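S.K.: One structure, as structure tokens, below. Some questions next.
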Amino acid sequence: MQPKLSKKFPWKKLENLVKKALKKEKTGHDYDHAKRTVKNALLIAKHYKKVDYDVLIASCWLHDIVSKPSKIHHRIAAKKAAQILKKFNFPKDKIKAVQHAIINHNRAFSLEKPTPISKLSLEAKLLYDADMLDAIGAVGLIRAISFVLHTPQYQDMPYFVSKKDKLDQSFYGNVKYLIEISKRMMTPPGKKLGKQRAKILKDFLRELEKEC
Ligand SMILES: [Fe+2]
Ligand SMILES: [Fe+2]
């Protein structure tokens, strides 16, 4: 089934805007990540009947539209997304819905108290799962390496210290956290895909333990 997208909205222009804005992004939050997030979202959304595809696809394209990723980038991206969509004459209520999805996409890394899952829209859950799917699996592994190499505070991070390593303590701890995330998907199809993709990370960690 083809997703029902508003024909009036300039989707290609939005995609090109994201491509241009994220051209210099090197930490794995680039145009290709946004594009894969759209792809992942469509993979999950096809299992649902009542999806607002305008909100979902706009949220996927714009969820990381910031110059530098940080623990509050969801807030910055939500603000920027509203400005962009307003210029494109996106309906007001849908802009609010996009902001809701974007604000809640970073709950696995943000320091803010997360909104209860029961209060999230379907599109917010779909964006969350689609984004997280791109943080695990083969692509997730490449992005994790890219993130560490291009983020000054993580550049000297050791590969492995002990099996107890946490997110910020080693690359091993970083990948271990990604496996944790794969268990926290919000939708059943997202959970299924998350489990499949996490396998490559588990195999990688087992090998890393042995070699280190
Ligand atoms: Fe993000
Ligand atoms: Fe993202």
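S.K.: Out of the stretch 3-29, which residues are at pLDDT below 95 and either within 14 Å of ligand 1 (Cβ to nearest atom) or assigned to a helix (DSSP H, G or I) (or both)?
M.R.: Matches in the stretch 3-29: Glu25, Thr27, Gly28, His29.
S.K.: Looking only at the stretch 101-154, filter to residues that are basic (Lys, Arg) and either in contact with a helix residue (DSSP H, G or I) (Cβ under 8 Å, 6 or more places away or on another chain) or assigned to a loop (DSSP other than H, G, I, E, B) (or both); which one of those is surrounded by the fewest Cβ atoms within 10 Å (Cβ to Cβ)? Spell out the reasoning first.
M.R.: Initial filter on the stretch 101-154 (basic (Lys, Arg)): 107, 113, 119, 125, 143.
Still in the list and also either in contact with a helix residue (DSSP H, G or I) (Cβ under 8 Å, 6 or more places away or on another chain) or assigned to a loop (DSSP other than H, G, I, E, B) (or both): 107, 113, 125, 143.
Working: Arg107: 20, Lys113: 7, Lys125: 19, Arg143: 22.
Only one residue tops the list, namely Lys113.
S.K.: Shifting gears a bit: Please work out if Lys68 is surrounded by fewer than 21 Cβ atoms within 10 Å (Cβ to Cβ), charged (D, E, K, R), within 16 Å of ligand 1 (Cβ to nearest atom) and not in a helix (DSSP H, G or I).
M.R.: On the way: surrounded by fewer than 21 Cβ atoms within 10 Å (Cβ to Cβ): yes; charged (D, E, K, R): yes; within 16 Å of ligand 1 (Cβ to nearest atom): yes; not in a helix (DSSP H, G or I): yes.
For Lys68, the condition - surrounded by fewer than 21 Cβ atoms within 10 Å (Cβ to Cβ), charged (D, E, K, R), within 16 Å of ligand 1 (Cβ to nearest atom) and not in a helix (DSSP H, G or I) - is met.
S.K.: Specify the residue that is nearest to ligand 2 (Cβ to nearest atom); the eligible residues are those in the stretch 67-103 that are touching a residue at least 60 places away in the same chain (Cβ under 8 Å) and under 14 Å from Leu17 (Cα atoms).
M.R.: My answer is Ile84.
S.K.: Residue check: is Asp64 at pLDDT 95 or above, charged (D, E, K, R), under 25 Å from Pro152 (Cβ atoms) and within 16 Å of ligand 2 (Cβ to nearest atom)? So that I can check it myself, show each step before the final result.
M.R.: On the way: at pLDDT 95 or above: yes; charged (D, E, K, R): yes; under 25 Å from Pro152 (Cβ atoms): yes; within 16 Å of ligand 2 (Cβ to nearest atom): yes.
Here the answer is yes, as Asp64 does meet what is asked.
Each row is one residue, and each column tells you yes or no for (1) small (Gly, Ala, Ser); (2) over 23 Å from Lys39 (Cα atoms).
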site: Met157; (1), (2): no, yes
site: Lys163; (1), (2): no, yes
site: Gly173; (1), (2): yes, yes
site: Met185; (1), (2): no, no
site: Pro188; (1), (2): no, no
site: Lys191; (1), (2): no, no
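The values are calculated or read from the model by the stated rules, or taken from the named source; none is laboratory data. Quick caveat: nothing in here was measured; it's all calculated off a predicted structure. Using ideal geometry, Cβ is built from the backbone for each residue, glycine included, and neighbour counts are taken over all protein chains shown.
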